[in-house]
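Below is one structure, written out as structure tokens; the observations come after it.
The values are calculated or read from the model by the stated rules, or taken from the named source; none is laboratory data. These figures come from a predicted structure and were not determined experimentally. Cβ placement follows ideal geometry from the backbone for every residue including glycine, while neighbour counts extend to all protein chains displayed. Side chains included, ligands, DNA and RNA excluded: accessible areas come from the protein's heavy atoms. Shrake-Rupley method; radii C 1.70, N 1.55, O 1.52, S 1.80 Å.
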Amino acid sequence: MSISIIQKTVARYLLEVQAVRLKPNEPFTWSSGWKSPIYCDNRVTLAYPEVRDYIKNALADAIRRQYPSVEVIAGVATAGIPQGALVADLLGIPYCYVRPEPKAHGMGKQIEGHLTSGQRVVVIEDLISTGGSSLKVVNALQAAGAEVLGMAAIFTYGFPLADQNFATKNIPLVCLSNYDALLIEAQALDYISADAMESLASWRQNPAQWGQ
């Protein structure tokens, strides 16, 4: 398994600032009801300038490399909003953000900002789990006439279901780091024991049944 310098560095930062917490013996409960040994909140990185800048630059570099024709950055509400704004500012291009659903009052907007039909958009997300909520944003942008080139995210759990969902929608996805890199760094930093590695590795294979 080949882990890049960027994947390792981002994973290490997420652990150091406690954006990621690993508790295989005291699992978290997600909104889906799944029991999980990991909780990830990448909004924490915004409080640390060195980490924030590294992630901002890494996302911008990935977008320049993977989606060079991008015209607009779109952040996924809510956690992708600040990350997307930082990246759009660095790239010097327009920015908007997308709600999960249209507002129930006011103008009833789902897309906040300005977007012209036909513009080439890259979506910024903080975290990829199954990809379902992220791809709803893609649907909204496409319905508004945008050409969605792909998505960039800080971290992915690497669920096969997410890969399948993005492939079905034909949306490329680039992530700065992933669960494999995280486990390697966590063990290197003595965040977890060798014994806990097996439990953490098995969770991703069947998260719905893990801990039952």
Item to complete: Specify the angular offset, from 0 to 90 degrees and rounded to the nearest 10, of the alpha carbon long axis of helix 132-143 from the longest principal axis of the alpha carbons in the chain.
Response: 10
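Quick one: pull the percent of accessible area on the range 6-120 belonging to carbon and sulfur, 1.4 Å probe, ligands and nucleic acids left out. Walk me through the numbers on the way to the answer.
Numbers: 2890 of 5930 Å².
Solvent-exposed carbon and sulfur of the range 6-120 make up 49 percent of the total.
What's the ranking of 47-58, 10-21 by average number of surrounding C-beta atoms within 10 Å, highest first? Don't skip to the end; give the middle numbers.
On the way: 47-58: 15.9, 10-21: 20.7.
In decreasing order of mean packing, 47-58, 10-21 become 10-21, 47-58.
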Fill in: Relative intensity, log₁₀ I(q)/I(0), of the range 46-124 from a Debye sum that treats every alpha carbon as a point, q = 0.22, 0.23, 0.26, 0.27 Å⁻¹
-0.99, -1.05, -1.23, -1.29
Response to the item:
Judged on accessible area alone, 1.4 Å probe, highest first, Asp89, Asp163, Asp180, Asp126 line up as Asp89, Asp163, Asp180, Asp126
Practice prompt. Any aspartates and glutamates with Cα under 13 Å of the Lys103 Cα? List them, leaving off those in the same chain fewer than 8 positions away.
Written response: Glu112
Worksheet item: Hey, what do the phi angles of the range 157-168 turn into as Karplus ³J(HN,Hα) couplings, whole Hz, using 6.51/-1.76/1.60 and θ = phi - 60°, x for Gly and Pro?
Response: 6, x, 5, x, 4, 5, 4, 5, 5, 5, 5, 4
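Suppose every K and R has +1 on its Cβ and every D and E has -1 on its Cβ; what is the size of the dipole of the chain about the Cα centre, in Debye to the nearest 20? Working shown, then result.
Values: 17 positive and 19 negative charges, 96 e Å.
For this selection, approximately 460 debye.
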Discussion item. Through the Karplus equation 6.51 cos²θ - 1.76 cosθ + 1.60, θ set to phi - 60°, convert the phi angles of the range 73-85 into ³J(HN,Hα) values in whole Hz; use x for Gly and Pro.
Written reply: 9, 10, x, 8, 5, 9, 5, x, 5, x, 4, x, 5
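Using helices alone, I'd like the mean residue ellipticity at 222 nm for the chain: each DSSP H run of four-plus residues gives -39500 (n - 2.57), total over residue count, nearest 500.
Details: 7 runs with 86 residues, N = 212.
It lands at -12500 deg cm²/dmol.
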Discussion item. So I have (i) 104; (ii) 118; (iii) 128, and one of them is volume of the Cα convex hull per residue in Å³ calculated from this model. Which one is it?
Written reply: (iii)
Discussion item. Give me the 1.4 Å probe accessible area per residue for the range 78-212, excluding ligands and nucleic acids, in Å².
Written reply: 47
